[in-house]
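Student: Below you will find the structure I want to go over with you.
The values are calculated or read from the model by the stated rules, or taken from the named source; none is laboratory data. Because the structure is a prediction, the values reported are computed rather than measured. In this analysis, Cβ positions are derived from the backbone assuming ideal geometry, glycine residues included, and neighbour counts consider all displayed protein chains.
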Amino acid sequence: MTQDNWSVPETEVVQRIRDRLDADGTDVLATVVDVDGNAYRRPGAKMLLDEGGTGVGSITAGCLEDELVRVGERVRETGRPELVTYDLMEDDEDNVWGLGVGCNGVIEVLLEPLTDAYRPAVEAFFDGRDVAVVTVLDGDDTGFEQGDRVYYYPDSGTFDAPSGPDVGDWPTGALSDSAGELTERGRAGTLSVGYGAAELDVFVDGLAAPTELVVFGTGHDVRPVTELAANVDFRVTVVGFRGAVDLAERFPAADRTVTTSPARVAEGLALDDRTHAVVMTHNFVDDRLTVEALLDAGVPYVGLMGPRERFEEMQAAGGGSPYKIAHSIVAEALAVANDRTPRHLKAREGPIHERVDVDSDADLPPQ
């Protein structure tokens, strides 16, 4: 796989999955389902493999991607999912995966043929609806097979099983709390639930709909902001107040562009608690009207470029080039979106990736 395919944002991976659902051939979806120790990516990281051996997305720093292409070929031939484990512990001299990769952890990856059964996940994602994808990893003595799947929608508290076992066959009572928690946080994890005298091991992939970043302005300094925001999985909208500029051509990284007026901002955009905004029109009246509309809508983050004193302060703190300023803007918006206070990674106690503990001790009879 190429560097460009490896380093794409998660939203682009999900978009590629959506596109390939309607294409000829059978792709293979590889997903990290469990990590013991340290690893480059956490559970939920995905890579899509097509029949030509091209991968989109990453699950490691590059040490396993070629091996997963080979496993993917086997999954494509058999038409059945496969759960593989890679021990990357550095202190195991007999383990080829532990030599020089530096992860120092054990990674479990589920590879499965991409079928229409995955469509509800991507449709919910792009419709702005959170969804938990619950996939069976081990269903011995339960009647479930590896790869069986059910979807949980936290906004309605309902499950849906478009294929495989009916919803009534799933231990929904034992799954709903953990699935809702993981989805709210955009995290993933494995858990075991009691199923009669047996246990059902499942992977819960909480797909939180992407956070939207709305950038108001059409100047050349807007482009770096849209590019960096798209690369960290914001869904980017550029809003212009003058119709003379071809917004789509000027800002190709934006997911959509809107032309409106400052007085009609609230009418032309769906502003909610997922919306983060940066106002950089460099026009005092336009800025004032836009900020008022954003504050009235209750969006959680409003960044404003200007006045000059604030601009000079930003230059001193984050550099003066357009991309350095854009880094400052996007980093701040990303921190707010993730309920974090930005600081140096070296000053962080514990692991860089947040660990999510879910209750896996539920013991319920089959429903």
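Student: Which of the residues that make up segment 243-255 are in a loop (DSSP other than H, G, I, E, B) and not hydrophobic (A, V, I, L, M, F, W, C)?
Tutor: Once the filter is applied, which keeps residues that are in a loop (DSSP other than H, G, I, E, B) and not hydrophobic (A, V, I, L, M, F, W, C), segment 243-255 yields GLY243, ASP246, PRO252, ASP255.
Student: From the residues in segment 131-171 that are of a type in the set (D, E, K, R) and crowded, with 21+ Cβ neighbours inside 10 Å, which one is farthest from the chain's Cα centre (by Cα)?
Tutor: Per the stated criteria, the residue is ASP148.
Student: Now for a different question. Name the strands (runs of 3 or more DSSP E) wholly inside segment 256-326 in which the number of residues that are out of contact with any Ser or Thr (no Cβ under 9 Å at 6 or more places or on another chain) and modelled with pLDDT under 90 is 1 or more.
Tutor: 301-304
Student: Return yes or no: is LEU110 touching an Asp or Glu at 6+ places or on another chain (Cβ under 8 Å), in the same structural domain as GLY72 (by TED's automatic domain parsing), among the aliphatic types (A, V, I, L, M) and within 24 Å of GLY72 (Cα to Cα)?
Tutor: yes
Student: Grab the strands (runs of 3 or more DSSP E) fully contained in segment 125-191, keeping just those with 3 or more residues being touching a residue at least 12 places away in the same chain (Cβ under 8 Å) and of a type in the set (A, V, I, L, M, F, W, C).
Tutor: Those strands (runs of 3 or more DSSP E) span 131-138.
Student: Go through (1) basic (Lys, Arg); (2) within 17 Å of VAL225 (Cβ to Cβ); (3) over 22 Å from the mean Cα position of the chain (by Cα) for ARG256 and report which single condition fails.
Tutor: (3)
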